[in-house]
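Have a look at the structure below, then the notes.
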Amino acid sequence: MSKRILITGGAGYIGSVLARQLLEKGYTVRVLDRLMYGGEPIIDMFNYPNFEFVKGDVRVREDVEQALEGVDCVAHLAAIVGDPACAKDPELSRSTNFEGSKLLYEVANEKGATRFVFASTCSNYGKMDDPDAFVKEDSKLAPVSLYAETKVATEQFLLGQPKDNTTKPTCLRFSTVYGLSLRPRFDLTVNEFTKELALGRELVVFGEQFWRPYCHVYDLARSVVTVIEADADKVAFDVFNVGDTSENYQKQMIVDEIKKQIPDANVKYVSKNEDPRDYRVNFDKIRERLGFELMFDVPKGIAQIKEVLEAGFITNPDDNKYKNV
Ligand SMILES: NC(=O)c1ccc[n+]([C@@H]2O[C@H](COP(=O)([O-])OP(=O)(O)OC[C@H]3O[C@@H](n4cnc5c(N)ncnc54)[C@H](O)[C@@H]3O)[C@@H](O)[C@H]2O)c1
């Protein structure tokens, strides 16, 4: 019998990539998702004998109990994702991102799952005190949005659980994602900038000097697999930034990378002196402890998006379904 992994939010941008990676490795994959953006990204998975689907909500005990039956490991990705989406419906965001996560962990522990990998975010770091420094896992957290607040609160809940609980949590602080998935998102910096410029439009960039780390969706999914497969004593009750120190970029640097591939790109900069999210992140821990290295970098991601858009893979990339708000 292969291990059964539950992915919450498995129909989403990252979850659908993770589900494929785990199926290809021979795991039994169960997705729990309320299909807020539809289920197209995983529709073909019904053809895999090891795929199971529960339509449900992480906030509903009955759904969570059904989804956790016979599960070895949980990859918890379901959330209201991003600052704008959370600001739009704060109550839904709190109940999903925090209350739903608590319920899921508690039932996972009751039902005997051994691992719980939580998709957190580097947004938890907020603005760096020292603009020349790189934040690490033990740096001060300074969430500046409801989205990040719900992620910080969930991390604190998970890491505060008794160490002898059956279910050992690990928090992964993802970089800002880019790249292709069966649920493409064009509301993320690299994807959006590349889309606008590949389609020959003028791109307006606000606050080009601010730093952020970026990571390809395929690599983020791989990091979850890496944690699931690592010895428990290397990951239990711990936090890892996911990305690579060389993949911190200012927005201007991303535009410069795009210009190498689209030389006639038309970009206008609008100065902005303050951005509450300005951080550079150090990723030594995940590399040194788990041997995790990226397969992609931002220029490769730009090339992929440019190619699929220019070839006409996506008929209407401006469709609202490619955004979270
Ligand atoms: N995209 C990023 O840049 C980024 C960065 C850091 C962390 N993360 C985290 O990674 C995870 C996945 O992000 P994504 O970009 O794939 O998001 P996404 O919005 O594409 O997918 C989220 C999925 O969760 C499902 N969902 C939402 N509420 C639910 C609920 N109550 N019950 C069951 N399912 C529910 C949605 O239907 C959707 O399929 C999230 O936890 C997010 O916070 C994302």
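Just to be sure before I move on: is Ala142 surrounded by fewer than 21 Cβ atoms within 10 Å (Cβ to Cβ), hydrophobic (A, V, I, L, M, F, W, C) and under 20 Å from the mean Cα position of the chain (by Cα) in the structure I sent?
Working: surrounded by fewer than 21 Cβ atoms within 10 Å (Cβ to Cβ): yes; hydrophobic (A, V, I, L, M, F, W, C): yes; under 20 Å from the mean Cα position of the chain (by Cα): yes.
Yes.
For the range 11-21, what are the residues that are assigned to a loop (DSSP other than H, G, I, E, B) and touching a Leu at 6+ places or on another chain (Cβ under 7 Å)? Ala11, Gly12, Ile14 - these are the residues of the range 11-21 that are assigned to a loop (DSSP other than H, G, I, E, B) and touching a Leu at 6+ places or on another chain (Cβ under 7 Å). So, Glu155, is that one at pLDDT 95 or above, over 24 Å from Arg287 (Cα atoms) and not in a loop (DSSP other than H, G, I, E, B) or not? The answer is no for Glu155. Does Val144 satisfy being at pLDDT below 95 and within 21 Å of Leu92 (Cβ to Cβ)? Answer is yes for this residue. Inspection of the range 6-16 finds a residue satisfying the criterion of being at pLDDT 95 or above, within 22 Å of Leu182 (Cα to Cα) and more than 9 Å from the ligand (Cβ to nearest atom). Residue check: Ala133 meets all listed conditions (1) modelled with pLDDT of 95 or more; (2) over 23 Å from Ile5 (Cβ atoms); (3) not aromatic (Phe, Trp, Tyr) but one, namely (1). Checking each residue in the range 149-171 for being within 16 Å of the ligand (Cβ to nearest atom) and in contact (Cβ under 8 Å) with a residue 40 or more places away in the chain picks out Thr150, Lys151, Ala153, Thr154, Glu155, Phe157, Leu158, Pro169, Thr170, Cys171. Residue pairs whose Cβ atoms lie under 6 Å apart, sitting 6 or more positions apart in sequence or on different chains, and linking a residue in the range 190-219 that is under 13 Å from Val177 (Cα atoms) to a partner that is among the charged types (D, E, K, R), are Pro213/Glu247; Tyr214/Glu247. Against the conditions (1) without any contact (Cβ under 8 Å) to a residue 12 or more places away in the chain; (2) surrounded by 20 or more Cβ atoms within 10 Å (Cβ to Cβ); (3) within 16 Å of the ligand (Cβ to nearest atom), Phe174 satisfies every one except (1).
The values are calculated or read from the model by the stated rules, or taken from the named source; none is laboratory data. From a predicted model like this one, the values you see are computed outputs, not experimental measurements. Reconstructed Cβ throughout: ideal geometry from the backbone, glycine too, with neighbour counts over all protein chains shown.
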